[in-house]
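The values are calculated or read from the model by the stated rules, or taken from the named source; none is laboratory data. Worth saying up front: this structure is predicted, and the values here are computed from it rather than measured. FYI the Cβ positions are ideal-geometry reconstructions off the backbone, even for glycines, and counts take in every protein chain you see. For accessibility, only protein heavy atoms count, side chains too; no ligands or nucleic acids. Shrake-Rupley method; radii C 1.70, N 1.55, O 1.52, S 1.80 Å.
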Amino acid sequence: MEQFEELNLKRLTEIIFKHIGMIIAVTLIAGILAFVYSETMIMPEYESAVSIYVNNRKNNDSGQTLSSDIAASQMLVDTYVVIVKSDTVLNQVAERLVDEGLGGYNAAMLRRMITAESVDETEIFEITVRATNKMNTFIIANVIAEVAPDIIKDYVEASSVKVVDYATEGKIVAPNIQNNMLLGLAVGLLLSCAFVVLREIFDMRIKNEDELEQWFKLPILGVVPDITSTTLTTKTGYYSYRRSPGAYEYRREANANGGKSKN
């Protein structure tokens, strides 16, 4: 005797469509909450970047750039990135920022705000500054672009460093409200579907005679009526019953000829 119905794709679909209203409501609520949280609770962050070109060409008679010089420049990019994030550079940047009206920064704080990496394995590397104030991002980035090249040339001989692009006003990069809202919708959908399926699986109550017959494969001979309601609920043949404030009260139904019922 099977006491549990088989859980297959068809049954899962039936469970989901049975509770589709609740699933849609929970999904929408989760998406709205994610939108509100992203819009009001997360502080926006902005980024500005400067591009710097590294030239490692040594003096030669032909005046041509050799492939070995290009390869050497690409290899030195990582060295330049380390120099840019050094205390020597960042302390000077912090001092220059005071002149720009941005006091309160130190080397450690600036290092956490800066990322630097090569651009597509070329001789150009990019310095990106991330902060919660869009004006501060491009000011800091441009000060780094002014300070770093001279210090780099002091440390690395026979090379030159030139700024390709200076930074502009910072662009917002976080939070990504659209992605957060989509994530909220997805989480709400998955959680609501999981909840209704698990509740249906672990709910061992028999809700009607159809489920009883389906589970136990036995014919239904009779059904016990519900007499807990305070109103007249069930009529069986010649008699009906209702629950009175005291006890159960039975009354005889009127006959088909219009006779009065007898209490």
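Observations, loosely collected:
- As a rough guide to protection, the peptides 131-138, 190-197 ranked by mean Cβ packing within 10 Å, highest first, stand as 131-138, 190-197.
- Amide hydrogen neighbours beyond the local backbone of HIS19, cut-off 5 Å, H modeled: none
- In segment 83-184, GluC sites (Glu not before Pro) in a DSSP loop with at most 13 other beta-carbon atoms within 10 Å: GLU100, GLU121, GLU157, GLU169
- Here the accessible area is traced with a 1.4 Å probe on the protein chains. For segment 80-172, carbon and sulfur cover 46 percent of it.
- Interchain or long-range residues, amide H under 5 Å from THR168's placed H: ALA49
- Across segment 122-133, coupling constants 3J(HN,Hα) worked out from phi with the 6.51/-1.76/1.60 Karplus curve, θ = phi - 60°, read 9, 7, 9, 10, 10, 10, 10, 10, 10, 7, 8, 10 Hz, and Gly and Pro carry x.
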